[in-house]
């Protein structure tokens, strides 16, 4: 049994930030019920990988969960919500506040059913500000924290296709939820746990914000090249690309000897990380010249021998096939329906005594609806009535 076994979590989330928060709780043993629209929530069908349209995102976000369908906007559905909440410890919902209230999932409504309930919410902009009621996704956090301005070719703001802000918010929301559960154990009090994409994104860029406020440096994009150390850039080899990341004087000295340019150590342009960042173009040129006649494997071997950080630029398939990734077993093959096993990423944190575990694949649409309703006290005839009313 996982360390969170015995806790019940109702997951009304969508896409990443809410569902992945609940996934992490499930990975460590909580009973998580993913609640979807009757036709399936939108994120069930994102990046489809199987004939019925179930998507890659859903497989990753919803392993280890039970699945039920429910329409909380129907009177009968609202009654099901109340019965569910009465059995739960946590409700997770990345739904705008107006939607929470309409579904009976706002904190006041939840407390009427269960006084010590924990409500974990995730929004784009958080509560209390002029943007609080606006909706959004990961990309808005990436562009509103200054990150996209500092990425991509000069003058072309560029965001990452990876939903880092969503995942970061989900992880912090899971941390907040566990903290709230500890508080509940000690005091008997529930509370609201609030994550916000913009807050996560601003945290990611906070050093740049501090620097800007205090120095008015007004940084601009340098594409893949780092601005605070060097050489730190994506470098072309004879047959591919690698990322070189040299930070700190000892690494710079090892790198300079490795590329056969020890005189760089005394060059005033490269006296500190800050200087090397300001003069990074010159260092990128030297690193590129050194790698141009070598294969990626040859270049990486030289960097490894010199204990200087460098790694290959992979395609998604190459990331799956990497021997270290395979040996570590971090991507665990899990089968959904008739699909071949899919490589799901385990919880990205290891605990020696209470490890996470992927026990079950994501649920089929409504797979556990009857089972859950029966556990709430509904009988077969009542469940059929709920289905006729399109409440489940």
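Rounded, prolate or oblate: pick one for the range 1-134, where a ≥ b ≥ c are the square roots of the eigenvalues of its C-alpha gyration tensor, a/c under 1.5 means rounded, and failing that, prolate if a/b is larger than b/c, else oblate. Note, shape of the range 1-134 comes out rounded. The slack in the chain from residue 288 to residue 134, taken as 0.36 nm per residue of separation less the alpha-carbon distance, amounts to 50.9 nm. Taking 0.36 nm per residue of separation and subtracting the current Cα-Cα distance, fully stretching the chain between residue 175 and residue 216 would add 11.3 nm. Modelled label positions at residue 247 and residue 194, each set 7 Å beyond Cα in the direction of Cβ, lie 3.2 nm from each other. One Cα centroid belongs to the range 208-283, the other to the range 16-47; the line between them spans 41 Å. Rounded to the nearest 500, the helix-only mean residue ellipticity at 222 nm of the chain stands at -11500 deg cm²/dmol, with each DSSP H run of n ≥ 4 adding -39,500 (n - 2.57). FRET efficiency for the residue 263 to residue 345 pair, using the beta carbon distance and R₀ = 41 Å, is estimated at 0.40.
Applying 1/(1 + (r/R0)^6) with r as the Cβ-Cβ distance of residue 272 and residue 370 and R0 = 56 angstrom yields a FRET efficiency of 0.30. Shape call for the chain from the C-alpha gyration tensor, a ≥ b ≥ c root eigenvalues: rounded (a/c under 1.5), prolate (a/b greater than b/c) or oblate? Verdict is prolate for the chain. Between the beta carbons of residue 297 and residue 5, assuming R0 = 35 Å, the FRET efficiency works out to 0.15 to the nearest 0.05.
P(r) tail for the range 113-204: Cα pairs beyond 21 Å make up 41% of the total. Taking 202, 59, 376 as the candidate residues, the one with maximal mean-square fluctuation in a Gaussian network model of the chain, Cα springs under 10 Å, is 376. In terms of other Cβ atoms within 10 Å, 158, 23, 121, 295 run from fewest to most in the order 295, 158, 121, 23.
With just the Cα atoms defining each centre, how far is the range 122-171 from the range 49-100? Give it in Å. Cα centres, the range 122-171 to the range 49-100: 25 Å. Within the chain, DSSP assigns beta bridges of which about 40% are antiparallel (rounded to the nearest 5). When the alpha carbon gyration tensor of the range 232-313 is reduced to an equivalent ellipsoid, its three semi-axes come out at 20, 12, 11 angstrom, largest first. Multiplying the residue separation of residue 156 and residue 327 by 0.36 nm and removing their Cα-Cα distance gives an extension gain of 57.7 nm.
Residues within the reach of a label modelled at residue 37 (point 7 angstrom out along Cα to beta-carbon, backbone nitrogen below 18 Å), restricted to the range 69-103, are 69-75, 77-78, 93-103.
Any read-out appearing in this document is the output of simple, stated calculations on the displayed coordinates, not a laboratory observation. Bear in mind that the values here come from a model prediction, so they are computed numbers and not experimental data. Because the Cβ atoms are built from the backbone with ideal geometry, glycine has one as well, and the counts that use them run over all protein chains shown.
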